[in-house]
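The values are calculated or read from the model by the stated rules, or taken from the named source; none is laboratory data. Remember, it's a predicted structure, so these values are computed and weren't measured experimentally. When we count neighbours, we look across all protein chains shown, and the Cβ atoms used for this are built from the backbone with ideal geometry, even at glycine.
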Amino acid sequence: MSSLFPALTAGPAADRPALRFGERSLTYAELAAAAGTVAGAVRQARRVAVWATPDLSTTVAVTGALLAGVPVVPLNPRSGERELGHILADSAPDLVLAAPGQDLPAPVRGLPRLDVDPAGGDAGAPPAGGDSRDDRDEDPALIVYTSGTTGPPKGAVIPRRAIAATLDALADAWQWTDDDVLVHGLPLFHVHGLVLGVLGPLRRGGSVRHLGRFTTEGVARELNAGATMLFGVPTMYHRIAEALPREPELVKALASARLLVSGSAALPVHDHERIAAATGRRVIERYGMTETLMNTSVHADGEARPGTVGVPLPGVELRLVEEDGSRVTAYDGQSVGEIQVRGPNLFTGYLGRPDATAAAFTADGWFRTGDMAVCEPDGYVRIVGRKATDLIKSGGYKIGAGEIENALLEHPAVREAAVTGEPDADLGERIVAWIVPVDPQSPPTLEELAGHVARRLAPHKRPRVVHHLDALPRNDMGKIMKRALSHD
Ligand code: MCA
Ligand code: AMP
């Protein structure tokens, strides 16, 4: 393997559009110049953080650092101080890359800063070199923070090899070429929006039009103006399904797209069917994880069977395993096991957490996803649940109950706290907080607790519902019985 971005370093694509955010865009030549300037400036760094606002600066910053062979820690610009403080202490970046004029909060302000001006490329900047060395395949490219059941998020170290492998496997499955124009409105601090949504088109030599923020109008506009593919989380497709009856332009747009792809959580069959009925087009699903990048997908020329996530991608080995470690060998659409995977798409471990890394793999090197599934006779995978009840998927974001409980317990009016997820038509799951107040006569309100969590962690981690209780249900060992809560 050589360059992550052949079209940037050697391609004939110089005048082709690479990236567009609203009115601002860059051709491959302009991106090469701007990213080359960044690469020159960060070359000596061990690791950099990128303030990942949804704009051109973020994409230029990430591309530049990767050209220089310097690993990137993408930061959610909506993270609260507690979460940012943890990520910065854990990953210890040498500097932060941000858009010029961007105001940065306290924990980030302490770092040396490099302003990334997408228009400020120096076409004469010497090539950075770090991108094309074969011996760098195992080097880290990204460190992406991801929630576990307890404790603060862990940094998944994603090597260059995994990014190249996953993007090339998707190109094969989706017949993804340099003619494709992708539209999306995903955040740029997670794998979905950054690796698939930005690095994907750049690796192919195609282009991406980012909406800044997701709207059904934006999707309709771009697909009707020549974009060929749409990537989104199920919440976005749910909002599309809701809007189709009143937005004829959206119907036309989806009907003309080459590929509509959903991932990050399960797309409900009801939304699949509503979109198919209104547009004649089927959304295809792919299944991945921050630690594994992409594992399975429905192929562009395969059958988009609602409720399934397709077949293992080229190079990915997938097995289902029972609780006792034995393999589920029946491909009968009934026998449930945990999905375990192996392949070049996997991360190398959690930053500074050999204990957590060891626990994530079996003795024979398979990664335990924690997702429960069945396989259909033709190999299609159907995800049926998750091992850990303390992981919540809301709007496509993975959220650990434990980190929210810890934040709630820091509120002076909270004596005890437990967090669960409950079904939500829009978000998939919504976060529910069960609170024992210090003073039952004046319990904290939902607004107060939501604001408290949003300021410390991030707004998508805030509870949407609060229940007040006299006591939390506990078993003889004192452990909170969450199932008793959810069934209330
Ligand atoms: C409301 N807001 C608040 C508060 N209450 N802000 C601060 N404090 C509060 N108490 C604000 C929010 O910040 C936001 O502001 C607005 O109210 C609405 O927020 P919310 O309802 O949370 O979200 P939304 O705007 O409706 O967004 C839905 C969404 C989003 C667009 C679908 O959830 C999203 O972008 N999801 C994508 C997640 C993703 O990319 N996951 C990939 C990870 P404002 O209105 O100003 O915005 S998984 C992955 O990468 C793996 C590999 C995979 O398989 O893909
Ligand atoms: P994250 O850890 O945020 O990268 O999220 C990864 C998790 O998202 C996986 O372990 C799955 O539980 C879930 N996921 C991703 N894609 C799908 C999909 N197409 N269908 C169901 N669940 C999915």
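Counting only residues that are modelled with pLDDT under 95 and buried (at least 24 other Cβ atoms within 10 Å of the Cβ), segment 7-27 holds 1 of them.
Restricting attention to segment 318-327, the residues being of a type in the set (D, E, K, R) and in contact (Cβ under 8 Å) with a residue 40 or more places away in the chain number 1.
Please enumerate the residues belonging to segment 172-186 that are assigned to a helix (DSSP H, G or I) and of a type outside the set (Gly, Ala, Ser).
Answer for segment 172-186, where residues must be assigned to a helix (DSSP H, G or I) and of a type outside the set (Gly, Ala, Ser): ASP172, TRP174.
Across segment 431-440, a minimum of one residue is classified as touching a Lys or Arg at 6+ places or on another chain (Cβ under 6 Å), modelled with pLDDT of 95 or more and closer than 15 Å to LYS393 by Cβ. The residues of segment 236-259 that are surrounded by fewer than 23 Cβ atoms within 10 Å (Cβ to Cβ) and either small (Gly, Ala, Ser) or out of contact with any helix residue (DSSP H, G or I) (no Cβ under 8 Å at 6 or more places or on another chain) (or both), listed by number, are GLU242, ALA243, ARG246, PRO248, ALA255, SER256, ALA257, ARG258.
Residues that are part of a strand (DSSP E or B) and out of contact with any helix residue (DSSP H, G or I) (no Cβ under 9 Å at 6 or more places or on another chain) were ranked within segment 323-351; the one that is surrounded by the fewest Cβ atoms within 10 Å (Cβ to Cβ) is ARG327.
Filtering ARG204, ARG160 for residues that are under 18 Å from the mean Cα position of the chain (by Cα) and more than 12 Å from ligand 1 (Cβ to nearest atom) leaves a single hit, ARG160. Kindly establish whether SER25 is of a type in the set (Ser, Thr, Tyr) and either touching a residue at least 40 places away in the same chain (Cβ under 8 Å) or out of contact with any Leu (no Cβ under 7 Å at 6 or more places or on another chain) (or both). Spelling it out, it is not the case that SER25 is of a type in the set (Ser, Thr, Tyr) and either touching a residue at least 40 places away in the same chain (Cβ under 8 Å) or out of contact with any Leu (no Cβ under 7 Å at 6 or more places or on another chain) (or both). Among strands (runs of 3 or more DSSP E) entirely within segment 406-488, having at least 1 residues that are surrounded by 14 or more Cβ atoms within 10 Å (Cβ to Cβ) and within 16 Å of ligand 2 (Cβ to nearest atom) singles out 414-424, 428-437. Restricting attention to segment 352-370, the residues that are surrounded by fewer than 20 Cβ atoms within 10 Å (Cβ to Cβ), within 16 Å of ligand 2 (Cβ to nearest atom), not aromatic (Phe, Trp, Tyr) and not in a loop (DSSP other than H, G, I, E, B) total 5.
Looking only at segment 300-309, decide whether some residue is touching a residue at least 60 places away in the same chain (Cβ under 8 Å) and either aromatic (Phe, Trp, Tyr) or crowded, with 21+ Cβ neighbours inside 10 Å (or both). Yes, there is a match, as at least one residue in segment 300-309 is touching a residue at least 60 places away in the same chain (Cβ under 8 Å) and either aromatic (Phe, Trp, Tyr) or crowded, with 21+ Cβ neighbours inside 10 Å (or both).
Selection of first residues in segment 405-434 that are farther than 18 Å from ALA266 by Cα and of second residues that are acidic (Asp, Glu), restricted to Cβ pairs under 7 Å at least 6 apart or on distinct chains, gives the following pairs, ordered by first then second residue: ALA413/ASP439; ALA417/GLU405; ALA418/GLU405; VAL419/GLU405; VAL432/GLU422. The helices (runs of 4 or more DSSP H) found entirely in segment 51-124 that carry 3 or more residues being closer than 18 Å to HIS190 by Cα and within 23 Å of the chain's Cα centre (by Cα) are 56-67, 81-91. If you go through segment 40-53 and keep only what is surrounded by fewer than 22 Cβ atoms within 10 Å (Cβ to Cβ) and in contact (Cβ under 8 Å) with a residue 60 or more places away in the chain, you end up with GLY40, ALA41, ARG43, ARG47, THR53. Scanning segment 360-404 for residues that are basic (Lys, Arg) and modelled with pLDDT under 95 gives ARG386, LYS387. When ARG213 is tested against (1) farther than 26 Å from ARG160 by Cβ; (2) of a type outside the set (Gly, Ala, Ser); (3) outside any loop (DSSP other than H, G, I, E, B), just one condition goes unmet, and that condition is (3).
Here's the yes/no breakdown for (1) more than 7 Å from ligand 2 (Cβ to nearest atom); (2) at pLDDT 95 or above; (3) under 30 Å from ALA360 (Cα atoms):
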site: GLY280; (1), (2), (3): yes, yes, no
site: ILE284; (1), (2), (3): yes, yes, yes
site: GLY288; (1), (2), (3): no, yes, yes
site: ASN295; (1), (2), (3): yes, yes, yes
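As a summary of the residue check, ALA458 satisfies the conditions (1) among the small types (Gly, Ala, Ser); (2) out of contact with any helix residue (DSSP H, G or I) (no Cβ under 7 Å at 6 or more places or on another chain); (3) modelled with pLDDT of 95 or more except for the one numbered (2).
Can you find, within segment 390-405, the residue that is surrounded by the most Cβ atoms within 10 Å (Cβ to Cβ) among those that are away from ligand 1 (no atom under 16 Å from the Cβ) and either more than 20 Å from the chain's Cα centre (by Cα) or part of a helix (DSSP H, G or I) (or both)? Filtering segment 390-405 for residues that are away from ligand 1 (no atom under 16 Å from the Cβ) and either more than 20 Å from the chain's Cα centre (by Cα) or part of a helix (DSSP H, G or I) (or both), the one surrounded by the most Cβ atoms within 10 Å (Cβ to Cβ) comes out as ALA401.
In segment 64-78, the qualifying residues are those that are within 16 Å of ligand 1 (Cβ to nearest atom) and of a type in the set (Val, Ile, Thr), and the one that is surrounded by the fewest Cβ atoms within 10 Å (Cβ to Cβ) is VAL73. Listed by first and then second residue, the pairs with beta-carbon distance under 8 Å, at least 6 apart or on different chains, first residue in segment 260-278 and part of a helix (DSSP H, G or I), second surrounded by fewer than 21 Cβ atoms within 10 Å (Cβ to Cβ) and among the hydroxyl-bearing types (Ser, Thr, Tyr), form an empty list.
Report yes if GLU376 is in contact (Cβ under 8 Å) with a residue 40 or more places away in the chain and surrounded by fewer than 18 Cβ atoms within 10 Å (Cβ to Cβ), otherwise no. When the stated conditions are applied, GLU376 passes them. Annotation note: of GLY307, GLY302, GLY288, the sole residue that is among the small types (Gly, Ala, Ser) and part of a strand (DSSP E or B) is GLY288.
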